[in-house]
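The values are calculated or read from the model by the stated rules, or taken from the named source; none is laboratory data. Keep in mind the model is a prediction, meaning the values are calculated, not measured. Backbone-built Cβ (ideal geometry, glycine too); neighbour counts: all protein chains shown. With ligands, DNA and RNA removed, areas are computed over all heavy atoms of the protein, side chains included. Shrake-Rupley method; radii C 1.70, N 1.55, O 1.52, S 1.80 Å.
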Amino acid sequence: MTLPLNQFFQAAWVVNDLEEAMHRWIKTVRVGPFFVMPHVEVTQTCYHGTPTAIDFSGALAQSGPLQIELIQQHSDTPSAYRDTFAPGQEGFHHMCSFVEDYDAEVENYRQQDAPLAFNGMSGDMRFAYVDTRATVGWMTEIIEDRQSIRDLFKMVADAAIDWDGTDPIRSR
């Protein structure tokens, strides 16, 4: 699967219990397999422009052309996730796209009064959550186009092709 630039390919939900949420998705809508990323390592993190640290885990699965991401925040740190959902709440959080020019895209959103809620580095890739809730009703995630993340997303998508329900939860 080739993921296009500047088009949404991922939808993400904040959940209270990652394990339970994955089982819910697998059973109810037969999405899977999920690839779990416990306590994701993110560096150079800023929350609304202030350096911060955050502890969260994620899980990725594929449903046709749409990648599904589930996120559980473990820490009490203020975050883009908590901007939308208080502890104990869960629901739809963001849509995500690859961008060719990360800095230009960040500036484009700033020009539209859509501030960066959170940004950081995951491996060699910069990413940001832009607060577009006032205009489109959800956060928008932009991720810098890097081969390393494309390889991960391809693995997730390939695993979903003809998935027969076996081995529904996998480690990344």
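Of the set (1) in a helix (DSSP H, G or I); (2) surrounded by 11 or more Cβ atoms within 10 Å (Cβ to Cβ), all apply to residue 134 but (2). Within the set of pairs 6+ apart or on separate chains, which have a first residue in segment 97-114 that is closer than 14 Å to residue 131 by Cα, a second that is of a type in the set (A, V, I, L, M, F, W, C) and in a strand (DSSP E or B), and C-beta atoms under 6 Å apart? Listed pairs, sorted by first residue: 105/99; 105/142; 109/130; 114/130.
Restricting attention to segment 146-166, and to residues there that are among the β-branched types (Val, Ile, Thr) and surrounded by 15 or more Cβ atoms within 10 Å (Cβ to Cβ), which single residue is farthest from residue 123 (Cα to Cα)? Filtering segment 146-166 for residues that are among the β-branched types (Val, Ile, Thr) and surrounded by 15 or more Cβ atoms within 10 Å (Cβ to Cβ), the one farthest from residue 123 (Cα to Cα) comes out as 156.
Considering each residue of segment 150-159 in turn, none proves to be at pLDDT below 95 and over 17 Å from the mean Cα position of the chain (by Cα). Listed by position, the strands (runs of 3 or more DSSP E) enclosed by segment 1-113 that each have at least 1 residues that are among the aliphatic types (A, V, I, L, M) and surrounded by 15 or more Cβ atoms within 10 Å (Cβ to Cβ) are 10-14, 34-37, 56-63, 66-73, 91-99. On inspection, residue 124 passes the criterion of being more than 23 Å from residue 50 (Cβ to Cβ) and either in contact with a Lys or Arg (Cβ under 8 Å, 6 or more places away or on another chain) or without any contact (Cβ under 8 Å) to a residue 12 or more places away in the chain (or both). With respect to the conditions (1) under 13 Å from the mean Cα position of the chain (by Cα); (2) open to solvent by less than 40 Å² (accessible area, probe 1.4 Å); (3) within 22 Å of residue 57 (Cβ to Cβ), residue 117 lacks only one, and its number is (1). Whether any residue in segment 143-157 is part of a strand (DSSP E or B) and more than 18 Å from residue 56 (Cβ to Cβ) is what I want to check. Checked segment 143-157: at least one residue is part of a strand (DSSP E or B) and more than 18 Å from residue 56 (Cβ to Cβ).
Of all the residues in segment 39-57, those that are free of Cβ contacts under 8 Å to residues at least 24 places away in the same chain and not acidic (Asp, Glu) number 2.
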